[in-house]
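First up is the structure itself, then whatever we jot down about it.
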Amino acid sequence: MNDDNNQSANRAHWSSTFGFIMAAAGSAVGLGNLWKFPYLVGQNGGSAFIVIYAILLVFIGVPLVIAEITIGRFGQLNPVGSYGLISPRLKWVGAMGLVTGFILLSFYPVVGGWILYYLYHSFVAFGENPDYAKIFTEYTSDPYWPCITLLIFSLMNYIIVALGVEKGIEKYSKIMMPALLVILIVVAIRTITLKNGLEGMRFIFQPDFTKVTGKTILDAVGQVFFSLSLGMGALMTYGSYLSKKDNLFKSSISIPFIDTIVALLATVAIMPAVFAFGFKPTAGPALIFITLPAVFDQMPMGSFISIIFFTLMLFAALTSSISMLEGLVSYITDKRHLNRFWATTLVSVVIFLLGIPCALSFGKLSNITIFSGKSIFDSMDFLASNILLPFGGIMLAICVGWIWDGGLRYETIIVRNQKGNPDVVTNGYVFNTCLKEITNHGTLNFPFMSAWIFIIKWVAPIVVFTIFIDNL
Ligand code: PFF
């Protein structure tokens, strides 16, 4: 066994399927659902965006989630090790996922820090008649505050991952995820019942296809990958802690399901309030940090709602960022270079240092631009969400569809009798390692298998590649 494939006999596992689902759904449900999705809906014609997103989710996102978790559970290793088991030549795909992890972790915790700042100010008001646009700009361009809040968020992330899979990630996800759902429902009920709240609902559910452009489709694809935590090996790592007895198909599909419900609930919790108080739904990334605090100010019980809303955001951001960190930590611990404590410490220090330029990119470093005028923060987001994750998705589809154990293929098997004439002719998919992994060696049913195979081999790589090239 080579170094990457040091499969430890006592590798951690989830204590239950529920624990896995909560942790994996926790990875998927994050800022992508509560921050990005509502503002993308606001900018791209309400439910017109939702319809496009849903189509891409069902036909590309869900099949790829199954594929990624399958490789993880098969390999029982970090992404580099698991891809390496499929073919040693594929280790770079896993390694690219690790790089993506570092890039995501350079900007994601910065937003986690912003949430902490706003949570603090839900308790301690910003003062009389606050100008939220000014507050947001002043805070994000300050030379210290964004770094301090980044540090606090990174410490929380660090502690949970250092505690380990079962005592840390699973335990906290099992508390935070259900709490998040309950809080979200409370906020949604509060906002829908506001005066004029129904106007927001109309906006969400009446599609305006005139707002749909090529960019809408790009945004939707990027959002599918980002929101499902797909394409960098986070789900693969979580899948690697899944027991060989679990029903992989069932556990996998609950993740996109929960993810989508939360994204829709978040939109329902935000839009009616925005309309009720005469704000525009098209505020973009500032929707949560500029528009919503103003909405909360005008709302009965607003400061209480603000506290629970930002607590919810904090939970969601944490359960996602721990999954990014876990991918990197599992690589180091699988290779047994360091134990979990030191691996988590090392990676956390590195990503905190990487986060500082992103945290400062709205102030001191705002004059530094990387991709065509984009700030450091925006460039990292663009690189990870619009390039590396979709590219990771294409490679994932190619590996499973075409490379792993000869690829997914259909064969006609002819059994001949003694005279050499065809006796039995059967058509069917070759039951290769991948299909054996999904069905627990044929003991479990795999619904929609043919459709899944067709998507993994053809639809996913071609569609994502086309959009990807267009994007570049
Ligand atoms: N899915 C997370 C969100 O919606 O906020 C973001 C994310 C987590 C992306 C983990 C990628 C990842 F590996």
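Every number in this text was worked out from the coordinates using simple rules, so none of it is lab data. Since we're looking at a predicted model, the values are computed, not measured. Don't worry about glycine lacking a Cβ; one is built from the backbone with ideal geometry, like all the others, and counts go over all protein chains shown.
List of remarks:
- Only one residue of Met177, Val212, Gly284 has its Cα farthest out toward the positive end of the dipole of the range 152-286, where Lys and Arg carry +1 and Asp and Glu -1 on Cβ, and that residue is Met177.
- Burial ranking of peptide ranges 210-220, 190-200, 391-401 (average Cβ count within 10 Å, highest at the top): 391-401, 190-200, 210-220
- Under the combined filter of DSSP loop state and at most 14 neighbouring Cβ atoms within 10 Å, the range 235-288 retains these trypsin sites (Lys or Arg not before Pro): Lys244, Lys245.
- The range 91-137-the range 148-204 distance, computed between alpha-carbon centres (Å): 14 Å
- Between the Cα long axis of helix 171-192 and the first principal axis of the chain there is an angle of about 50°, rounded to the nearest 10.
- Distances between every pair of Cα atoms in the range 291-420, grouped in 10 Å steps from 0 to the bin holding the largest one, split as 9, 18, 27, 23, 10, 6, 4, 2, 1 percent.
- The reciprocal of the average 1/r between distinct C-alpha atoms defines the Kirkwood hydrodynamic radius, which for the range 257-341 equals 15.3 Å.
- The H on the amide N of Tyr429, modeled in the peptide plane, is under 5 Å from the matching H of Glu411, each at least 5 residues off or on a different chain.
- Nearest-20 debye value, the range 174-277 charge dipole, Cβ charges on Lys, Arg, Asp, Glu: 220 debye
- The per residue volume of the convex hull around the alpha-carbon atoms of the range 97-163 is 97 Å³.
- Descending by average beta-carbon neighbour count within 10 Å, the peptides 90-97, 420-427, 316-323, 331-338 line up as 316-323, 90-97, 331-338, 420-427, the highest first.
- Extent along the principal axes, Cα only, for the range 343-393: 35, 34, 10 Å, with the longest axis given first.
- Expected-Rg normalisation [2.2 N^0.38 Å, Cα atoms] applied to the chain: 1.00
- Rounded to 10°, Cα long-axis angle of helix 389-398 versus longest principal axis of the chain: 10 degrees
- Gap separating the Cα centres of the range 287-321 and the range 413-463, nearest whole Å: 49 Å
- Whole-number Å³ per residue for the convex hull built on Cα positions in the range 1-135: 182 Å³
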